[in-house]
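Bear in mind that the values in this text are calculations on the coordinates, not laboratory data. Please read these numbers as outputs of a predicted model, since none were measured by experiment. Quick reminder, even Gly has a Cβ in these numbers, built from the backbone with ideal geometry, and neighbours come from all protein chains shown.
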Amino acid sequence: MINTNDMADLVRAIDDLAAETGLAPTVREVQQRLALSAPSVAHYRLRKALDQGLVRTGGRGYVTTPKGRRHAYGKPSDRASLESRREKLLQEAAEITEQLEVLA
């Protein structure tokens, strides 16, 4: 049994690899990205994700589905909320950095 976090990590890894290379990642690339012990472990997880409709085969490897992206990243409104919070935190960090520079 694969837990929900592992499936979300799998989907994010596929998206990241595809964004980096412009190609659908292979089993071995997924295995290496997730630091899994063997390609067979990655293949097992990919088969489970296929069965759940989180990924599909595409080109030379695997691509995520809308269902998979919702599973990994949440609803679009959740993503927008997280992105907004991230921007606020980055702004606060920049302000703190400026204050520290003034004090130094």
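General observations
- Using the empirical formula 2.2 N^0.38 Å as the baseline, the Cα radius of gyration of the chain reaches a ratio of 1.38.
- Between LYS48, LYS88, LYS67, the GNM of the chain built on Cα springs shorter than 10 angstrom shows LYS88 fluctuating the most.
- Note on LYS48 and ILE96: the extension gain reaches 12.8 nm, defined as 0.36 nm multiplied by sequence separation minus the Cα-Cα distance.
- Label separation (THR4 vs SER84): 2.3 nm, computed from points 7 Å beyond Cα along the C-beta direction.
- Less than 5 angstrom separates the built amide H of VAL55 from those of LEU50, THR65, all sequence-distant by 5 or more or on a different chain.
- Report summary: the helix-based calculation at 222 nm, which adds -39500 (n - 2.57) for every DSSP H run with n ≥ 4 and divides by the residues of the chain, gives -23000 deg cm²/dmol.
- Using the Cβ-Cβ distance between ALA38 and LYS67 with R0 set to 30 Å, the FRET efficiency from 1/(1 + (r/R0)^6) comes to roughly 0.65.
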